[in-house]
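Take a look at the structure below.
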Amino acid sequence: MTQQLTGAQIVFKVLEDHNVEYIFGYPGGAVLPLYDELIHHKKIKHILVRHEQGAGHAAEGYARSSGKPGVVIVTSGPGATNMVTALTDAYMDSIPLVCISGQVPTHLIGTDAFQECDTTGITRPCTKHNWLVKDIKDLPLILHKAFHIATSGRPGPVLVDIPKDVQFQKTKYIKKEQAIKIFPKTDVKIEENEIQKIAELIFKAKKPIIYSGGGVINSGEKACQLTQEFAKITGFPITSTLQGLGAYPGDDNQFLGMLGMHGTYEANNAMHDCDLMINIGARFDDRITGKIDKFSPKSKKIHIDIDPSSINKIIKVDHAVVGDVGKVLNKLISVLNKKYPNFKKSNKASISKWWEQINKWREKDSLFFEQGNKILKPQYAIKRLYELTKNRDTFITTEVGQHQMWAAQYYKFTKPKRWMTSGGLGTMGFGLPAAIGVQLANPGKLVVDIAGEASILMNMQELSTAVQYRLPIKIFIINNQYMGMVRQWQELLHDKNYSQSYTEALPDFVKLAEAYGAIGIRATNPDELDEKIKEMIDSPKPVIFDCIVKQNENCFPMIPSGKAHNEMILGPSEKKDNKITKEGKVLV
Amino acid sequence: MSKSLSAYSVENKKEKTEKHIMVVWVDNESGVLTRVAGLFSGRGYNIETLAVAQVDDAKHISRITITTEGTNSVVDQIKAQLLKLIPVHKVASFQINNKSILRELALVKIIGNKKNLEKAKKICNSFKTEYLDTTKSSFIVELNSTRSEIDRLIKELKPYGVASIARTGPLIMSKGSEITQINKGKIL
């Protein structure tokens, strides 16, 4: 007779089969059998967080920076509900997570037992798929399937809910290799015809733009190289979404900077005026498009995406190819090379006028700011952080708000998977736990969480995790004492009614760092900034860097609500003659 | 009114809204109906009628028939979203026209005095109905027909003591030799 394993043993067998190095978790009544088993698996390291949401974001940070799925274990009831934000965040940004949750024993399900909740019911809309395993015989296959679904196609989070009694029951184990055989193939056939048509459009384009997104990064390093190759062959200008930063080097001349609500003047105007838009792995998110009916009115649009439901969801496109970005680009490049061997040489002339126009937009210098000699400007702080860290392999996470946008604008990423930010869901409190996951996946590298003083307090407790595991993450707080983006919207859209956006009683972040066993540094003026940033970088311990900045600085440029790409506000002097309409006011 | 697909499509051009019938082939497993129904409610689509039953006992496949209303692009989006659900095998959408067969079952209970019952029966006899239960003071009639035909029967019976109505919602099947092919992972 073959050996029978318990449910808990099977969970760890599967984790080993899938080469899981870290699990992020928090114990509780319904997962104790799993925690008993942990000790027998030395290859798998458990990271004890301080709150389950922290476990979720740490796993996301791990996944976003390594390309491997993040694994989380939480207990039933509150353990599972605390995971909901992280699951939703991962779902919105297509991040592979496998969450294993404990559940009350099967005979108690539905009785309102202690720490019972309908976990699969609650997480159904925020996972790619989830399972409640009521029969031990189903467990091995479901767990393998969970990894398969989380990582294949458009990645995303999955959850497996395992009742406590099932964790004790025994069954025969099924190996990964055996399980994979029975899963349906996810590879889709790339439409050759469409590729041919797209190549023709590329050849003919006079005012083209490449608009790349997180899909390129998700597809992997190869896809990023191919995107760069594609840009080099065509000579086309390229812009990127928030999620896609790093797929194309941010300091390259063909790169126009980020597009969208807080994108650069040149990127947004080029999107508006182009005659050919090539969307590679982006989803026409509302932060990107601005007003839909004024979105790039004169262009032919091409969309390359792995998810068929992304095609024509928001913007109707002229040509679409469903498939892995890397594979599609590979094909497109070989078709271009074959069909138009002299394209690289001849093309420069045909789009030279377009580049002239783009350079005129560039001259506006939409990211310009003036740093006086007294109060620190947030933009300056991030720019200095960039200058002082750009020569080493640095990983940046962020919270959500103004600091996040400034980080996206002023920190130039030259490699993929160096920029981990909550884009779709916009989760304040994401950056610190994410930095923990990033540091684990990238030991010895510099990991900085660019934070706001409001966001950081949402998952502050995770500093304790960083200290416990000696993870020298740096928390760079842009401290303006306001929920800056809320304050900015109140100023621009709500008659300067700064309702509840000011934080009256902030902690002393230097002392707070010390209380946690980390190091606290404060900078208050431009003269001391560089020296203090260096001190932060050189510190072998986790650091909270409290950067006191100008309180009412706004994040520009900005496409105001309900406006189009060519209706940007460039700075404070301009906003008066660009009134936001009633319709615009209701938008988020 | 056209459905706004994004917060930013304030002045989107109005597309025509029409009735569509979606057929979804799913694994008959626990929670699958909530996945489908939750997708509709979560994305703001409407379910007007719903009919579900297992149609393949060996493979445990259920066929879900949903009537919804929307523009063509909304219906395409619903289909694409449905196809992303793991237990969904294939999805078809039909418009109500002569290319497909539509059938709905209704049971109607009439309670009344002899005179009213007789009048009601006379109406029932003018439709293709079947009597399933008859007492001195009541009867139950079955009609298996199109929605509009059933609507008409109920409307005519109303004055004579309709006590209870049960309807299944429509089922639909394409005419001729065509069937829906697996369309997971395709652009619609």
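The values are calculated or read from the model by the stated rules, or taken from the named source; none is laboratory data. Predicted model, so just to flag it, every value in this text is computed and none were measured. Methodologically, a virtual Cβ is constructed for each residue, glycine included, from the backbone with ideal geometry; neighbour enumeration extends over all protein chains shown.
Among the residues of the range A:474-505, write down those that are more than 29 Å from A:Ile569 (Cβ to Cβ) and surrounded by 14 or more Cβ atoms within 10 Å (Cβ to Cβ).
Here is the first cut: in the range A:474-505, the ones more than 29 Å from A:Ile569 (Cβ to Cβ) are A:474-475, A:504-505.
Across the range A:474-505, the qualifying residues are A:Lys474, A:Ile475.
When residues of the range B:63-91 are filtered for being among the small types (Gly, Ala, Ser) and surrounded by fewer than 19 Cβ atoms within 10 Å (Cβ to Cβ), how many remain?
Residues that pass the stated criteria total 1.
Within the range B:92-103, identify whether any single residue is buried (at least 18 other Cβ atoms within 10 Å of the Cβ), within 14 Å of chain A (Cβ to nearest Cβ) and closer than 30 Å to A:Asn130 by Cα, and answer yes or no.
So the first thing to find is which residues in the range B:92-103 are buried (at least 18 other Cβ atoms within 10 Å of the Cβ), and the list is B:92-94, B:102.
Filter once more, keeping what is within 14 Å of chain A (Cβ to nearest Cβ): none.
No - not one qualifying residue is present in the range B:92-103.
Quick one: which helices (runs of 4 or more DSSP H) sit completely within the range A:446-507 and have at least 1 residues that are over 24 Å from A:Asn525 (Cβ atoms)?
Values: elements: A:453-456, A:463-468, A:484-493.
Those helices (runs of 4 or more DSSP H) span A:463-468, A:484-493.
Out of all the residues in the range A:297-315, which are surrounded by fewer than 22 Cβ atoms within 10 Å (Cβ to Cβ) and small (Gly, Ala, Ser)? Even if it seems obvious, please write down each step before you answer.
So in the range A:297-315, the residues surrounded by fewer than 22 Cβ atoms within 10 Å (Cβ to Cβ) come out as A:297-301, A:307, A:309, A:312-315.
If the condition is that a residue be surrounded by fewer than 22 Cβ atoms within 10 Å (Cβ to Cβ) and small (Gly, Ala, Ser), then A:Ser299, A:Ser309 are the ones that fit.
Could you check the range A:304-351 and list, in sequence order, the residues that are hydroxyl-bearing (Ser, Thr, Tyr) and within 14 Å of another protein chain (Cβ to nearest Cβ)?
Residues of the range A:304-351 that are hydroxyl-bearing (Ser, Thr, Tyr), as a first pass: A:309-310, A:334, A:340, A:346, A:350.
Within the range A:304-351, A:Ser309, A:Ser310 qualify.
Out of the range A:251-284, which residues are touching a residue at least 40 places away in the same chain (Cβ under 8 Å) and surrounded by fewer than 20 Cβ atoms within 10 Å (Cβ to Cβ)?
Across the range A:251-284, the qualifying residues are A:Asp251, A:Asp273, A:Asp275.
Is at least one residue of the range B:108-119 in contact with a helix residue (DSSP H, G or I) (Cβ under 6 Å, 6 or more places away or on another chain), within 23 Å of B:Thr65 (Cβ to Cβ) and not β-branched (Val, Ile, Thr)?
no
In the same structural domain as A:Gln461 (by TED's automatic domain parsing), buried (at least 24 other Cβ atoms within 10 Å of the Cβ), in contact with a strand residue (DSSP E or B) (Cβ under 7 Å, 6 or more places away or on another chain) and of a type in the set (Ser, Thr, Tyr): is that true of A:Thr427 in this structure?
Judged against the criteria, A:Thr427 is not a match.
Restricted to the range A:316-369, and to residues that are touching a strand residue (DSSP E or B) at 6+ places or on another chain (Cβ under 9 Å), more than 30 Å from B:Ser73 (Cβ to Cβ) and β-branched (Val, Ile, Thr), which residue is surrounded by the fewest Cβ atoms within 10 Å (Cβ to Cβ)?
A:Ile351
Condition check ((1) of a type outside the set (Val, Ile, Thr); (2) within 11 Å of chain B (Cβ to nearest Cβ)) across all residues:
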site: A:Asn253; (1), (2): yes, no
site: A:Tyr265; (1), (2): yes, no
site: A:His272; (1), (2): yes, no
site: A:Asn279; (1), (2): yes, no
site: A:Ile288; (1), (2): no, yes
site: A:Lys291; (1), (2): yes, yes
site: A:Ser299; (1), (2): yes, no
site: A:Ile302; (1), (2): no, no
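Condition check ((1) surrounded by 24 or more Cβ atoms within 10 Å (Cβ to Cβ); (2) in contact with a strand residue (DSSP E or B) (Cβ under 8 Å, 6 or more places away or on another chain); (3) closer than 30 Å to A:Pro416 by Cβ) across all residues:
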position: A:Phe12; (1), (2), (3): no, no, no
position: A:Glu16; (1), (2), (3): no, no, yes
position: A:Glu21; (1), (2), (3): no, yes, yes
position: A:His57; (1), (2), (3): yes, no, yes
position: A:Cys99; (1), (2), (3): yes, yes, yes
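Condition first: within 14 Å of B:Val74 (Cβ to Cβ) and within 11 Å of chain A (Cβ to nearest Cβ). Now tell me which residues in the range B:26-41 satisfy that.
So in the range B:26-41, the residues within 14 Å of B:Val74 (Cβ to Cβ) come out as B:39-40.
Result: B:Leu39, single match.
Right, A:Thr88: within 14 Å of chain B (Cβ to nearest Cβ) and in contact (Cβ under 8 Å) with a residue 12 or more places away in the chain or not? Write out each step before concluding.
Values: within 14 Å of chain B (Cβ to nearest Cβ): yes; in contact (Cβ under 8 Å) with a residue 12 or more places away in the chain: yes.
Spelling it out, A:Thr88 is indeed within 14 Å of chain B (Cβ to nearest Cβ) and in contact (Cβ under 8 Å) with a residue 12 or more places away in the chain.
Of the residues that make up the range A:476-493, is at least one of a type in the set (A, V, I, L, M), more than 30 Å from A:Thr581 (Cα to Cα) and at pLDDT 95 or above?
So in the range A:476-493, the residues of a type in the set (A, V, I, L, M) come out as A:477-478, A:483, A:485-486, A:492-493.
Next, only the ones that are more than 30 Å from A:Thr581 (Cα to Cα) stay: A:477-478.
Narrowing further to those that are at pLDDT 95 or above: A:477-478.
Taking every residue of the range A:476-493 in turn, at least one turns out to be of a type in the set (A, V, I, L, M), more than 30 Å from A:Thr581 (Cα to Cα) and at pLDDT 95 or above.
Does A:Gly437 qualify as being assigned to a loop (DSSP other than H, G, I, E, B) and surrounded by 24 or more Cβ atoms within 10 Å (Cβ to Cβ)? Walk me through it before giving the result.
Numbers: assigned to a loop (DSSP other than H, G, I, E, B): no; surrounded by 24 or more Cβ atoms within 10 Å (Cβ to Cβ): yes.
Answer is no for this residue.
Using beta carbons and a limit of 9 Å, which pairs, at least six apart or on different chains, have the first residue in the range B:26-42 and in contact (Cβ under 8 Å) with a residue 40 or more places away in the chain and the second one surrounded by fewer than 15 Cβ atoms within 10 Å (Cβ to Cβ) and basic (Lys, Arg)?
That search, which allows pairs on different chains as well, returns B:Asp27/B:Lys59.
When residues of the range A:331-384 are filtered for being without any contact (Cβ under 8 Å) to a residue 40 or more places away in the chain, farther than 20 Å from A:His565 by Cα and in a helix (DSSP H, G or I), how many remain?
Total meeting the criteria: 7.
Please go through the range B:157-188 and give me each residue that is part of a loop (DSSP other than H, G, I, E, B) and away from every other protein chain (no Cβ under 14 Å), ordered by number. Step through it out loud before you land on a result.
Here is the first cut: in the range B:157-188, the ones part of a loop (DSSP other than H, G, I, E, B) are B:161, B:168-170, B:175-188.
Selection gives B:Gly161, B:Thr168, B:Gly169, B:Pro170, B:Lys175, B:Gly176, B:Ser177, B:Glu178, B:Ile179, B:Thr180, B:Gln181.
Is at least one residue of the range A:385-393 away from every other protein chain (no Cβ under 14 Å), assigned to a loop (DSSP other than H, G, I, E, B), at pLDDT below 95 and closer than 30 Å to A:Glu531 by Cα?
As a first pass, look at the range A:385-393 and keep what is away from every other protein chain (no Cβ under 14 Å): A:385-393.
Still in the list and also assigned to a loop (DSSP other than H, G, I, E, B): A:390-393.
From the residues that got through so far, the ones that are at pLDDT below 95 too are none.
Scanning the range A:385-393, I find no residue that is away from every other protein chain (no Cβ under 14 Å), assigned to a loop (DSSP other than H, G, I, E, B), at pLDDT below 95 and closer than 30 Å to A:Glu531 by Cα, so the answer is no.
When the range A:527-563 is examined, which residues are found to be touching a Leu at 6+ places or on another chain (Cβ under 6 Å) and assigned to a helix (DSSP H, G or I)?
Of everything in the range A:527-563, just one residue is touching a Leu at 6+ places or on another chain (Cβ under 6 Å) and assigned to a helix (DSSP H, G or I), namely A:Ile533.
Grab the strands (runs of 3 or more DSSP E) fully contained in the range A:1-63, keeping just those with 2 or more residues being in contact with a Ser or Thr (Cβ under 8 Å, 6 or more places away or on another chain) and farther than 27 Å from A:Thr427 by Cα. Can you show your working first?
Working: elements: A:4-6, A:22-25, A:45-48.
So the answer is A:4-6.
For the range B:42-59, name all the residues that are within 14 Å of chain A (Cβ to nearest Cβ) and in a loop (DSSP other than H, G, I, E, B).
Taking the range B:42-59 and keeping what is within 14 Å of chain A (Cβ to nearest Cβ), we get B:42-45, B:59.
If the condition is that a residue be within 14 Å of chain A (Cβ to nearest Cβ) and in a loop (DSSP other than H, G, I, E, B), then B:Arg43, B:Gly44, B:Tyr45, B:Lys59 are the ones that fit.
In the set A:Val188, A:Val166, which member is touching a helix residue (DSSP H, G or I) at 6+ places or on another chain (Cβ under 8 Å) and crowded, with 17+ Cβ neighbours inside 10 Å? First the steps, then the outcome.
Details: A:Val188 fails: touching a helix residue (DSSP H, G or I) at 6+ places or on another chain (Cβ under 8 Å).
That would be A:Val166, the only listed residue that is touching a helix residue (DSSP H, G or I) at 6+ places or on another chain (Cβ under 8 Å) and crowded, with 17+ Cβ neighbours inside 10 Å.
Residue under question is B:Ser126, and the condition is that it be free of Cβ contacts under 8 Å to residues at least 60 places away in the same chain, closer than 27 Å to B:Ala53 by Cβ and out of contact with any Asp or Glu (no Cβ under 8 Å at 6 or more places or on another chain); does it hold? Don't jump to the end; show me each part of the working.
Working: free of Cβ contacts under 8 Å to residues at least 60 places away in the same chain: yes; closer than 27 Å to B:Ala53 by Cβ: no; out of contact with any Asp or Glu (no Cβ under 8 Å at 6 or more places or on another chain): yes.
Judged against the criteria, B:Ser126 is not a match.
Mind telling me which of the residues B:Ala92, B:Ala106 ends up being closer than 14 Å to B:Ile21 by Cα and out of contact with any His (no Cβ under 9 Å at 6 or more places or on another chain)?
Numbers: B:Ala106 fails: closer than 14 Å to B:Ile21 by Cα.
Within the list B:Ala92, B:Ala106, the selection yields B:Ala92.
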